[in-house]
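**Student:** First the structure, then my questions, so here it is.
The values are calculated or read from the model by the stated rules, or taken from the named source; none is laboratory data. It should be emphasised that the depicted structure is a prediction, and the values quoted were computed from it without experimental measurement. Every residue, glycine among them, receives a Cβ derived from its backbone with ideal geometry; neighbour counts consider all protein chains shown. Please note that ligands, DNA and RNA were not included when accessible areas were found on the heavy atoms of the full protein model with its side chains. Shrake-Rupley method; radii C 1.70, N 1.55, O 1.52, S 1.80 Å.
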Amino acid sequence: DADLVGMARTMIAARIYSTRCFNLQRQGRLGTMAPVDGNEAVVVGATYALQPEHDWIFPQYREQYALGRYGDEVIRRHALYLAGHPEGSNYPAGLNVFPCQISLAAQIPHAVGLAWGLQRQGLPGVAVACFGDGASSEGDFYEAANFAAVINAPVVFLLTNNGWAISTPTSRQTAAATFADKAAAFGMPGVRVDGRDPVAVWEVVTAARARAVAGQGPTLIEAVTQRLGHHTTADDPTRYIPAEQLAAARAADPVVTFPAQLRELGLWDDAEQAAAEAAAHGVIDDAVERALATPLAPDAFFDHVYAEPTPRMQQQRALLLDLEAQGLS
């Protein structure tokens with residue numbers, strides 16, 4: 001019961017944080033971000049199946065809001081990231097979450113590499129690679145999945161099929177009947193699950209994790225849901241998602257339907273809803289305030305491109321600082 005309530009609380013917090021960041025981006029106070037709306041149950045259900053002290057998460061760009069079970073520090077770091085601070089990509093030791101990954105599917109080989117390292121050292125953890133249906137068209141996915149199956153790496157490939165890769169519908173993304181069917185080519189199990197049901201996701205990820213730590217190799221999970229809004233803040237979904245399709249998806253919004261199910265079980269009520277929202281606002285307010293109050297050097301983004309800055313980068317840094325001094329940047 002405590003886990004079910006915790007799932008609902010985390011899903012609500014993810015939606016509140018996503019909405020807050022979206023609004024701040026529209027105010028020009030945060031950078032481009034990808035709302036989690038509609039994907040909450042996938043990430044929350046998966047993390048409740050994991051052991052944060054042993055297992056690693058490799059998010060893409062839509063999962064951080066729902067990783068509350070891995071600690072509030074994930075939320076704070078992501079707020080810093082969206083505010084443009086280098087600290088946002090520098091997670092502390094002991095937090096088994098890789099920083100936000102924007103390059104499509106590039107985190108999947110990293111997840112396999114880390115899982116292989118766990119395997120070689122005889123450690124009990126697994127790596128979970130989170131990605132979308134669009135990323136499944138990238139070569140990184142195919143190469144990493146094939147390699148993981150060959151070496152029996154303890155990795156879970158968690159593919160969220162939310163219907164759209166930006167404006168590309170699933171029907172134009174693959175001719176396969178399901179994304180889970182692709183697992184057969186790699187020689188690993190492929191499982192399809194309702195991504196709007198965190199308990200269903202928890203069940204399949206629990207089974208995949210058990211299989212991985214038992215030395216039986218990777219699993220590909222396709223969690224089917226529906227994106228409820230923008231791909232990112234640079235996107236206008238009304239240009240390609242039919243209004244009636246979006247309305248139907250919002251009627252099955254997991255942040256609404258899952259707490260409603262808990263009400264029927266006697267685990268949720270108005271007081272619990274209010275407490276969950278208040279707790280979420282507290283964490284989010286703190287994260288955003290700390291991010292916006294953290295000093296940002298205008299040339300900080302030059303610091304971690306190369307070990308030694310190139311002559312061209314040095315010229316660019318000098319030019320930027322000169323413009324900044326003149327108030328022209």
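**Student:** If you take every residue apart from Glu277 with its C-beta less than 11 Å away from the C-beta of Glu277, what net charge results, scoring Lys and Arg +1 and Asp and Glu -1? Working shown, then result.
**Tutor:** Numbers: positive: Arg9, Arg15; negative: Asp270, Glu272.
Net of charged neighbours comes to 0.
**Student:** Translational diffusion coefficient of region 1-63 at 20 °C, 1.002 mPa s, Stokes-Einstein with Kirkwood Rh over Cα pairs, in µm²/s as a whole number.
**Tutor:** Values: Rh = 12.9 Å.
Stokes-Einstein gives a translational diffusion coefficient of 167 µm²/s.
**Student:** Where does the chain land on Rg(C-alpha)/(2.2 N^0.38 Å)?
**Tutor:** For the chain, the normalised Cα radius of gyration is 1.02.
**Student:** Order 59-70, 316-327, 139-150, 285-296 from most to least packed using the mean count of other Cβ atoms within 10 Å.
**Tutor:** On the way: 59-70: 25.6, 316-327: 11.8, 139-150: 18.8, 285-296: 15.0.
Ranking, from highest mean packing down: 59-70, 139-150, 285-296, 316-327.
**Student:** Using the Cα atoms of region 36-103 to build a convex hull, what is its mean projected area in square nanometres?
**Tutor:** The Cα convex hull of region 36-103, projected and averaged over all directions, gives 4.5 nm².
**Student:** Before anything else, pin down the relative contact order of the chain: Cα pairs under 8 Å, at least 6 apart, normalised by residue count, whole percent.
**Tutor:** Details: 574 pairs, mean separation 73.2, N = 329.
Once normalised by length, the contact order is 22 percent.
**Student:** How much length would be gained if the chain were fully extended between Ser171 and Leu265, taking 0.36 nm per residue of separation minus their Cα-Cα distance, in nm to one decimal? Write down the numbers at each step before the final one.
**Tutor:** Details: separation 94, 0.36 × 94 = 33.84 nm, distance 3.77 nm.
Extra length available between Ser171 and Leu265 comes to 30.1 nm.
**Student:** Work out which helices of the chain, taken as complete DSSP H runs, extend at least 20 Å along their axis over the Cα atoms and score a mean Kyte-Doolittle of 0.0 or more, then list them.
**Tutor:** Values: long enough: 2-26 (36 Å, 0.19); 107-121 (21 Å, -0.11); 198-213 (22 Å, 0.89); 270-293 (34 Å, 0.09); 311-325 (21 Å, -0.49).
Sorted by number, the helices that extend far enough and score high enough are 2-26, 198-213, 270-293.
**Student:** Given labels modelled 7 Å from the Cα in the Cβ direction, how far is it in nm from Ala251 to Glu324?
**Tutor:** Simple spin-label model gives 5.3 nm for this pair.
**Student:** Given all pairs of different Cα atoms, what value in angstroms does the Kirkwood hydrodynamic radius of region 54-159 take?
**Tutor:** Numbers: mean 1/r = 0.0711 Å⁻¹.
The answer is 14.1 Å.
**Student:** Shifting gears a bit: Need one number: the % of Cα-Cα pairs in region 221-329 sitting beyond the 16 Å mark. Don't skip to the end; give the middle numbers.
**Tutor:** Values: 4593 of 5886 pairs.
That fraction is 78 percent.
**Student:** Carbon and sulfur atoms: what percent of the 1.4 Å accessible area of the chain do they account for?
**Tutor:** Working: 7820 of 14840 Å².
Ligands and nucleic acids excluded, carbon and sulfur give 53 percent.
**Student:** Among Tyr81, Ala127, Gln315, which residue has its Cα positioned farthest towards the positive end of the charge dipole of the chain, with +1 placed on the Cβ of Lys and Arg, -1 on the Cβ of Asp and Glu, and the dipole taken about the Cα centre?
**Tutor:** In the chain, that residue is Gln315.
**Student:** Taking the chain as a Gaussian network, Cα atoms linked when under 10 Å apart, which of His54, His304, His281 shows the biggest mean-square fluctuation?
**Tutor:** Of His54, His304, His281, the most mobile in the Gaussian network model is His304.
**Student:** Still on this model: May I ask you to derive the FRET efficiency for Ala307 and Asn152 from their Cβ-Cβ distance with R0 = 25 Å, giving the value to the nearest 0.05? Numbers along the way, then the final one.
**Tutor:** Details: r = 35 Å, r/R0 = 1.39.
E(calc), rounded to 0.05, equals 0.10.
**Student:** Between Glu87 and Ala279, with labels modelled 7 Å along Cα→Cβ, what's the label distance in nm to one decimal, could you check?
**Tutor:** About 2.6 nm separates the two model spin labels.
**Student:** Suppose each label sits 7 Å from its Cα in the direction of the beta carbon; what would the Arg120-Gln27 distance come out to in nanometres?
**Tutor:** 4.7 nm
**Student:** Next question. Using the reciprocal of the averaged 1/r over all distinct C-alpha pairs, how large is the Kirkwood radius of region 252-312 in Å? Please list the in-between numbers first.
**Tutor:** Working: mean 1/r = 0.0632 Å⁻¹.
The Cα-based Kirkwood calculation yields 15.8 Å.
**Student:** Is region 164-273 best put as rounded, prolate or oblate by its Cα gyration tensor, with a ≥ b ≥ c the root eigenvalues, rounded for a/c under 1.5, and otherwise prolate when a/b is larger than b/c, oblate when not? Display every interim value, and only then the final one.
**Tutor:** Working: a/c = 2.67, a/b = 1.11, b/c = 2.41.
Taking the square roots of the gyration eigenvalues as a ≥ b ≥ c, region 164-273 is oblate.
**Student:** When only alpha-carbon atoms count, how far does region 171-227 stretch along each of its three principal axes, as whole angstroms with the largest first?
**Tutor:** Over region 171-227, Cα extents along the principal axes are 37, 28, 12 Å.
**Student:** I've got another one for you. In debye to the nearest 20, how big a dipole does the chain give about its Cα centre with +1 on each Lys and Arg Cβ and -1 on each Asp and Glu Cβ?
**Tutor:** Numbers: 23 positive and 36 negative charges, 113 e Å.
So the dipole magnitude of the chain works out to roughly 540 debye.
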